Amino acid sequence: SFAAQMELVQDFRPDFLALERAGFSPVPRARIGGADAALLLLGRSRAENETRFAESLRRVRPGGLVLAAGAKKDGARSIANRVAQLLPLENRLSKHHGIVFWLFRPGMLDEAVPAALTAPASPTMENYETAVGGFSEGSVDPGSRLLADSLPQDISGHVADFAAGWGYVSLRIAAGTPPARLDLYEAHYPSLEAARRNLAAHAQDTPSRFFWHDLLGEPVEPRYDAIVMNPPFHRGRAAEPDIGQRMIEVAARALKPGGRLFLVANRPLPYEATMQTSFARHGEVCRNGTYKVLWGRR
């Protein structure tokens, strides 16, 4: 049996829940220090990979092992090269489509080393905070801007923002005629924390709640007068329209009778049929060369 005490760190809610179902007790943020080893599975975001490697260096004891592995197509080789510029690697191996590399933390770790790997996400031109590795990092997503620009002025009552990211659409709603209450749902923990800080800084008069939530895997308990969303449409590299279709169905069930959904999507995504089966009435608000904004009323 494996006798080591492990802390499993996972900040993406669907994967967090999968670990819980497998019998583990994951956390969204690392808590322990002085670990004997840190094992890091690299993803597609270079900035997120570098930030997590820096966190791993800070969390292990002197002489502790830091091992990272990832896919070549996701840039694992460039991360290995970047780390090797700062600290000597013990070794690296490459086979088929993957790379693994590791080092032992120096006895005296210069803080400049992890600091060089930890670049915060750039703020937007509006001075909104974004999240490393999150959606629309460093700028406002054009689809979200179109959605916010297209929303009617009479949104009121209890409003939810599904797949809220760092909170741009919610911030725009709160800057207009703010609803009585605003609930933000987001699966990426750092994005949700950025949204929490953004609403506190720019919309402190709007009562807001924040849910780290898998909209396709966990029930939505409240019922809303309106829901806005810019749903994701891929988990990997290829488009997966069923994600957005299922989120439309979830939103329809979470609305009060007469409640309204407003969503933005890439123009080719086939959401209209799902809108027709999920709502008593539906239509299109507007479109441009890239996006369309759809509405539905229960």
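The values are calculated or read from the model by the stated rules, or taken from the named source; none is laboratory data. What you see is a predicted model, and the numbers here were worked out from it, not measured in a lab. Backbone-built Cβ (ideal geometry, glycine too); neighbour counts: all protein chains shown. Please note that ligands, DNA and RNA were not included when accessible areas were found on the heavy atoms of the full protein model with its side chains. Shrake-Rupley method; radii C 1.70, N 1.55, O 1.52, S 1.80 Å.
Residues are listed down the side, and each one gets a yes or a no for (1) in contact (Cβ under 8 Å) with a residue 24 or more places away in the chain; (2) part of a helix (DSSP H, G or I); (3) out of contact with any strand residue (DSSP E or B) (no Cβ under 8 Å at 6 or more places or on another chain); (4) loosely packed, with under 15 Cβ neighbours inside 10 Å:
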position: ARG209; (1), (2), (3), (4): yes, no, no, yes
position: GLU218; (1), (2), (3), (4): yes, no, yes, no
position: GLN245; (1), (2), (3), (4): yes, yes, yes, no
position: ALA265; (1), (2), (3), (4): yes, no, no, no
* In this structure, does GLY43 turn out to be in contact with a helix residue (DSSP H, G or I) (Cβ under 7 Å, 6 or more places away or on another chain), among the small types (Gly, Ala, Ser) and open to solvent by 40 Å² or more (accessible area, probe 1.4 Å)? -> no
* **Pick from region 106-123, criterion touching a residue at least 24 places away in the same chain (Cβ under 8 Å) and assigned to a loop (DSSP other than H, G, I, E, B), ranking: least open to solvent (accessible area, probe 1.4 Å)** => LEU117
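Yes/no per residue for (1) part of a helix (DSSP H, G or I); (2) without any contact (Cβ under 8 Å) to a residue 40 or more places away in the chain; (3) of a type in the set (D, E, K, R):
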position	(1), (2), (3)
GLY138	no, yes, no
ILE155	no, no, no
ALA160	no, no, no
GLY165	no, no, no
PRO179	no, no, no
LEU182	no, yes, no
ALA194	yes, no, no
* **Verdict on ARG237 being over 18 Å from the mean Cα position of the chain (by Cα) and at pLDDT below 95** => no
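So that you can scan it fast, the table gives a plain yes or no per residue for (1) part of a helix (DSSP H, G or I); (2) in contact (Cβ under 8 Å) with a residue 12 or more places away in the chain; (3) open to solvent by less than 50 Å² (accessible area, probe 1.4 Å); (4) aromatic (Phe, Trp, Tyr):
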position	(1), (2), (3), (4)
GLY63	no, yes, yes, no
VAL66	no, yes, yes, no
ALA69	no, yes, yes, no
LYS73	yes, yes, no, no
SER78	yes, yes, yes, no
ASN81	yes, no, no, no
PRO88	no, yes, no, no
ARG92	no, yes, no, no
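Per-residue answers, yes or no, for (1) polar (S, T, N, Q); (2) crowded, with 20+ Cβ neighbours inside 10 Å:
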position: PRO222; (1), (2): no, no
position: ILE227; (1), (2): no, yes
position: ASN230; (1), (2): yes, yes
position: ALA254; (1), (2): no, yes
* To do: List every residue pair whose Cβ atoms sit under 8 Å apart, with the two residues 6 or more apart in sequence or on different chains, where the first one lies in region 273-297 and is in contact (Cβ under 8 Å) with a residue 40 or more places away in the chain and the second, anywhere, is assigned to a loop (DSSP other than H, G, I, E, B).
  => THR290/ARG267; TYR291/ARG267; GLY296/PHE279
* Asked: If only one of THR177, THR130 is among the β-branched types (Val, Ile, Thr) and surrounded by fewer than 17 Cβ atoms within 10 Å (Cβ to Cβ), which one is it?
  -> THR177
